[in-house]
Amino acid sequence: MYTLLIRPILFLFDPERVHYFTFSLIRFLCKIPLVPSILRSIYLLEDKRLERTLFGITFKNPVGLAAGFDKNAVLYNELSNFGFGFIEIGTVTPKGQLGNPKKRLFRLKEDQAIINRMGFNNDGLEMVIRQLKKNKRKLIIGGNIGKNNETASNKYTSDYETCFKGLHPYVDYFVLNVSCPNVGSQEKLNDKDYLIELITAVQELNNQEPIQKPILLKIAPDLNNYQLDDIIDLVAETKIDGIIASNTSIKRDNLKTSDKLLQKIGNGGLSGKPIKDQSTRVIRYLSHNSNKAFPIIGVGGIHSAEDALKKIKAGADLVQLYTGFIYEGPGLIKDINKALINL
């Protein structure tokens, strides 16, 4: 019903407006008695065979929602009714910020893709903490953290530390977002020496807590093999808990969308089907060349159960959806979990 009826209607309107309209609609529907139970009966698949234990955390199933969808942690309770095993909120920055000027979110319907240049728009740390205190069902929550756009380069680490300390009591794992192509001043964040400095600083804070939370690094899908070797070395040196592969891509290879439209859209990170193989290649390379030395969460271009299984076979321990969730609807989560049980 989603792809035949609901999606064609939603896709008639501006993507960002539809995003917030959908949030309001889901929130409204889930306030109606019995609706959350009905949604769970349709979409939630509970089976011990789906459980995965990673970083000392037991996930009820390995299918999560990627960061960027529920940036401000306002809908995670309602979204859990669709069967996600975990939800990653953010990217969260210390201070709220508007992000890049609109229009900044674009559909590439022919490619089943999205280009965004949102620019870390979010309500800020304090507002997100307020929302996370409402975690009714004790859903597993990841906290994706970043720096404010106007932060000077010598203060980057401080921004990550502020978010880490603030979110620590309320999330189950952390993601250091250093690979988003939609914010300025990224050069330092891609420097290996600085990444070691950043990871070490956050780990020191983590070690001061009575309970340590896993820390992961989110990387781009556009890295070449030499850069991926650096990532493997980085994990070995810092003992960071894992990698999320991958973020959005700046490449525009082999798209069906016309060059004229792409030029009109301009810069931004590409997600969806076109980056499926890029992401899987990164997962496979990291897993194989590290001898499966660290956990990997696979994300990028998952639009079917087969896509998810390919990432898991390539070396991903968990997977996340974003663009595939928008194009295929919530039934995709159950399809993946069914395929995993059958496998």
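Going by Cα centres, segment 1-71 and segment 248-305 are how many Å apart?
22 Å
Given 10 °C and 1.306 mPa s, how large is the Stokes-Einstein diffusion coefficient of segment 1-84 in µm²/s, with Rh as the Kirkwood radius over Cα pairs?
So the translational diffusion coefficient is about 108 µm²/s.
Among I211, I336, S287, whose Cα sits farthest toward the positive end of the charge dipole of the chain (+1 at Cβ of Lys/Arg, -1 at Cβ of Asp/Glu, about the Cα centre)?
I336
For the chain, max minus min Cα coordinate along each principal axis, in Å, sorted largest first?
50, 50, 40
Evaluate the distance, in nm, between pseudo-label points positioned 7 Å from the Cα of L261 and of E306 along their respective Cα→Cβ axes.
Going by the 7 Å Cα→Cβ label model, 2.4 nm.
With r defined as the distance between the Cβ atoms of K292 and E197 and R0 fixed at 30 Å, what FRET efficiency is calculated, to the nearest 0.05?
The calculated FRET efficiency here is 0.65.
Of K134/K218; K147/K213; K138/K188; K48/K218; K213/K313; K276/K338, which sit over 31 Å apart, Cα to Cα?
Over 31 Å apart, Cα to Cα: K138/K188.
Taking neighbour Cβ counts within 10 Å as the exposure measure, how do C180, C30 sort from fewest upward?
Numbers: C180 23, C30 16.
The most exposed by this proxy come first: C30, C180.
Filter the GluC sites (Glu not before Pro) in segment 154-248 to those in DSSP coil with at most 11 other Cβ atoms within 10 Å of their Cβ, and list the result.
On the way: sites: E161, E187, E197, E204, E237; in loops: E187.
Listed in order of number, the matching sites are E187.
Sequence neighbours fewer than 8 away in the same chain don't count; with that in mind, list the aspartates and glutamates whose C-alpha is under 19 Å from K165.
E88, D123, E126, E197, E204, E209, D241
Evaluate the distance, in nm, between pseudo-label points positioned 7 Å from the Cα of M127 and of N254 along their respective Cα→Cβ axes.
For M127 paired with N254, the spin-label model returns 4.0 nm.
Which trypsin sites (Lys or Arg not before Pro) in segment 137-189 pass both tests, a DSSP loop state and at most 15 other beta-carbon atoms within 10 Å?
R137, K138
With labels modelled as points extended 7 Å from the Cα through the Cβ direction, what inter-label distance (nm, one decimal) is found for K136 paired with R7?
Once both label points are built, they end up 2.9 nm from each other.
Let me know the charge dipole size of the chain about its Cα centre in debye, to the nearest 20, where only the beta-carbon of Lys, Arg (+1) and Asp, Glu (-1) is charged.
1200 debye
Which whole-number percent gives the relative contact order of segment 2-342, counting Cα pairs below 8 Å spaced six or more residues apart?
17 percent
The numbers here are math on the coordinates, done by the rules we state, and not lab data. Just so we're clear, the structure is a prediction, and the values are computed from it rather than from any experiment. All Cβ positions, even for glycine, are placed from backbone atoms using ideal geometry, and neighbour counts span all protein chains on display.
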